[in-house]
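As structure tokens, the structure follows; a few thoughts come after it.
What follows is calculated from the coordinates using simple rules that are stated; it is not laboratory data. Computed from a prediction, not measured in an experiment: that's the story for all the values here. For neighbour counting, all protein chains shown are included, and Cβ atoms are generated from backbone atoms with ideal geometry for every residue, glycine included.
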Amino acid sequence: MVVGGAVGFFTLYLVLLVSKGGIGGGDVKLMGVVGLVLGWQLVLLAIILATFCGSLYVGILLLFRQSVTKGMLLPFGPFLAIGSLAAYVMGDSLVTWYFSTFLALLP
């Protein structure tokens, strides 16, 4: 599980460095702790699910609001929490479904 903590922490720490403050240090620490609980496979799934949820939220905002701007700040912590909870509750099922559905389409 220590590997999961390191994967969660350093994945978002890399995003923090590359994005020059696009996410906060709290997000990095949160995913480090989530990685300790979930393990490295599910913490990566949690980050992917959080990104999907955040993108869906912004897409809905773009559809129904005109006040969305490029520099708009959006807290990512709630989406990380949703993605982590989803990965904890149904992570193994999601991974199995993904591999059976999408990778079966490859030649």
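Descriptive notes on the structure:
- Relative contact order of the chain, taken over Cα pairs closer than 8 Å and 6 or more residues apart, is 28 percent.
- Likely footprinting exposure, Trp40, Trp97, fewest C-beta neighbours within 10 Å first: Trp97, Trp40
- Between segment 71-93 and segment 21-39, the alpha-carbon center distance in angstrom: 11 Å
- Vicinal HN-Hα couplings computed from phi for segment 88-95 (Karplus, 6.51 cos²θ - 1.76 cosθ + 1.60; Hz; Gly/Pro x): 5, 6, 10, x, 5, 5, 5, 5
- Convex hull (Cα only) mean projected area of the chain, reported in nm² to one decimal: 8.2 nm²
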